[in-house]
Amino acid sequence: MLRAKIKLPDFKRRAPAAALLILYLYLGFHALSGSQGLVRWMEHTERAKHLQVKLAALEARRESLQADVDLLSADSLDLDALDIEARRSLFVAKPGEITIWLDP
C-alpha cells in the first residue's frame, strides 16, 4: 500500500511534462506533413517554379504570334510576306514555278 502512494505523486509530477511532449510531437508532425506543412510547401514551391517556366514559354510564344499578327495588319501589310504565307498554307504555286518540298 505504501508503494502505490509513492508512485502517485511521482506520476502527478511527470504527467504535465509527458503531456507537453506528446503535444509537441503532435504539432511537429503536422508542421512537417500536414496539409499546409513544410513538405506541402516545398511541393508548392516546385510547382510554382515549373509554372513560371511554362508561363515564360507561353509569353514568348504569344509575342511571336503577336509579331505575325502585326505583319498581317492593315497598317503594315507586307505583300511579300502575305504572298509567302498564302503559298505555304494553301500549297499554291504560280504557273511555270517549280516547287521543292523539304521535310522540316
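The values are calculated or read from the model by the stated rules, or taken from the named source; none is laboratory data. Bear in mind that the values here come from a model prediction, so they are computed numbers and not experimental data. As a convention, Cβ positions derive from the backbone with ideal geometry for all residues, glycine included, and neighbour counts pool all protein chains shown.
Brief remarks follow.
- Any hit, the range 35-53, residues being of a type in the set (Asp, Glu) and part of a loop (DSSP other than H, G, I, E, B): no
- In the range 48-75, the residues that are more than 30 Å from residue 85 (Cβ to Cβ) and at pLDDT below 95: none
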